[in-house]
Structure formats: C-alpha cells, structure tokens
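Only one structure is covered here, and it is reproduced in the block below.
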Amino acid sequence: MHYTHEPAPIVTVPVTGSSAAFPVHRIYCVGRNYVEHAKEMGFTGREPPFFFLKPADALVVVPEGTTGAMAYPSQTNNLHHEIELVVAIGKGGRNIRASDAHAHIFGYAVGLDMTRRDLQNDMKKQGRPWCIGKAFDQSAPIGPITPAHQAGAIEKAEIYVQVGGQDRQRSQIDKLIWNIGETIEHLSAAWELKPGDLIFTGTPEGVAAVVAGDVMQGAITGLGSLRLKVV
Ligand code: MN
C-alpha cells in the first residue's frame, strides 16, 4: 500500500517545561459560556452548553516568548478576537462525570477563537452552520500547553487580552457559566473524547475587531501568554 499523496503532518502543541509535544486530535469550542459575553451577543439566561468544531490544522502554534502571525482572513471586514482557556485532554472517554473530569485533563493553554463575525452573523440569521465564521484557516492561535499539575488554581485564574497594549477583554475563569468539569461532562455525552482533543471553553465579554498590523497579547494566570500579530 502507498498513499495517493503525502499525508498531512500531525499538528502538535509544545508542552511547557518539557521536550514533549502534544499531538492534536480535534478542536471543540463552547459557545456563549460567560454571562456578560452572552449578553453582548444578545442572549440571557443559562442555556445548556453548545459546541462547534474547528479543524486541527486551523491552529497557529505560538511558542512562549515569540510573536506568532496570522494572515487577515478572506471574505471578512470584521475579524474578532475571543480570548479563551483551552483544555487539553490526555485521557479520553464517554459520559465523563464533572466530578471525574480532572483525571482526563492533561493541561491548559491560552487560545484565541478568531471569528469572522460578519460571516457568523449572516449564517446565524439564515439558520446555517457557523463553519465559515469560525472554522477558517488560522482561526485557532494557541500558546504552549502547561501540564495541569503545574498550572495552579486554574478555576480562579484571571484571563485577558490586550490589543496594542490596551485592555479589550478581562475576566476570571470562575465566571464560566459551565465550568471545566461540567463542560467535559456535556461534551463527552455527545462525542467520545480522545487523547489530543482540545476544548476552547468560551470567551468573556469585550470581543472586538482587529485589523492588519494589530498585535494581540493574551494571558491566563499560571499559563503564560500568547502574542500574535495580524498581518
Ligand atoms: Mn469562542
């Protein structure tokens, strides 16, 4: 047997304090998981979490201490940043209970769920899938993964992103509507989680546009930072 073409390379994320790399399986994302962000998107009340996916090769992997680059994507005039805590799954499973979820987590990273908001809004209005607004090339910048045992009290961490040194989004992980364990419980009821899955857990309020030339700097307490230029 031989392949009809060269297989795509395995997408990996570096692990802080280690020479190991984390090979990525799928990227799951949670929609509207902070109250104030749900409000700014026009929604109120606690609804069950809902999910969408991005392809693994949409990641833009940015090593600590470097500035990554993403190209301003096609077909949009409203590219938004969404700073998010990313959970890296080390042990898979189905129907994982929230109280057992910690045993399935390898570590955490800082991520950006970059969004073509104009296209997403068009798709919402028409009741169509969000893929073109959310799952485009380079839509998932991510910093290195910090192993869970080195990450400290992540549930109480601060999360923020600045653009050009000015605050855009700033909140705390304890403001998640569905916390990390509850998110894993809901997600693993719908899909079998596998080692290598990444979960973008949702963004706090303050989402806004970036343009070519902007530099985003995001961070979460205990996880280091993610620095990215739009080119
Ligand atoms: Mn998001």
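Calculate what fraction, in whole %, of the accessible area of the chain sits on carbon and sulfur atoms when a 1.4 Å probe is rolled over the protein chains. Whole-percent figure for carbon plus sulfur exposure: 52. Over the chain, DSSP H runs of length four or greater, each weighted -39,500 (n - 2.57), average out per residue to a 222 nm ellipticity of -3500 deg cm²/dmol.
Computed over neighbours whose Cβ is under 11 Å from that of Gln138, the net charge equals -1, Lys and Arg +1, Asp and Glu -1. For the range 25-81, the Cβ-based charge dipole about the Cα centre amounts to some 180 debye (Lys, Arg positive; Asp, Glu negative; other atoms uncharged). Identify which of Arg32, Arg168, Arg46 has the largest mean-square fluctuation in a Gaussian network model of the chain, with springs joining Cα atoms closer than 10 Å. Comparing Arg32, Arg168, Arg46 in a Gaussian network model of the chain, the most mobile one is Arg46. For the chain, the fraction of C-alpha pairs farther apart than 29 angstrom is 21 percent.
Taking the Cα centre as origin and putting +1 on Lys and Arg beta-carbons and -1 on Asp and Glu beta-carbons, what dipole magnitude results for the range 12-230, to the nearest 20 debye? Display every interim value, and only then the final one.
Working: 21 positive and 22 negative charges, 65 e Å.
Dipole size: approximately 320 debye.
How would you classify the range 116-159 from its alpha-carbon gyration tensor, with a ≥ b ≥ c the square roots of the eigenvalues: rounded for a/c under 1.5, else prolate if a/b is greater than b/c, otherwise oblate? Cα axes put the range 116-159 in the prolate bin.
Out of all DSSP beta bridges in the chain, what portion is antiparallel? Express it as a percent rounded to 5. Don't skip to the answer; put the middle values down first.
Details: 43 of 54 bridges.
DSSP beta bridges in the chain are roughly 80 percent antiparallel.
Skip the ligands, DNA and RNA, and give the accessible area per residue of the chain with a 1.4 Å probe, whole Å². Value for the chain: 46 Å² per residue. Computed from label points 7 Å out along Cα-Cβ, the spacing between Ile10 and Arg128 is 3.7 nm.
Starting from the Cα gyration tensor of the range 1-122, take the square roots of the eigenvalues, sort them a ≥ b ≥ c, and report rounded, prolate or oblate (rounded when a/c is under 1.5, otherwise prolate if a/b is larger than b/c, else oblate).
On the way: a/c = 1.63, a/b = 1.17, b/c = 1.39.
It comes out oblate by the Cα gyration axes.
Within the straight-line cut-off of under 30 Å between alpha carbons, the lysines reachable from Lys229 are Lys39, Lys54, Lys124, Lys134, Lys156, Lys175, sequence neighbours fewer than 8 places apart in one chain being disregarded.
Lys and Arg at +1, Asp and Glu at -1: add these up for the other residues within a Cβ distance under 13 Å of Asp118 and post the number. Overall, the nearby charge balance is +4.
Can you give me the Cα centroid spacing of the range 147-172 and the range 181-197 in angstrom? Cα centres, the range 147-172 to the range 181-197: 23 Å.
So, counting K/R as plus one and D/E as minus one, what does the shell of residues with Cβ under 15 Å around His186 add up to?
-2
The values are calculated or read from the model by the stated rules, or taken from the named source; none is laboratory data. Keep in mind that this is a model prediction, so the values were computed, not measured. Don't worry about glycine lacking a Cβ; one is built from the backbone with ideal geometry, like all the others, and counts go over all protein chains shown. Heavy atoms of the whole protein, side chains included, go into the accessibility calculation; ligands, DNA and RNA do not. Shrake-Rupley method; radii C 1.70, N 1.55, O 1.52, S 1.80 Å.
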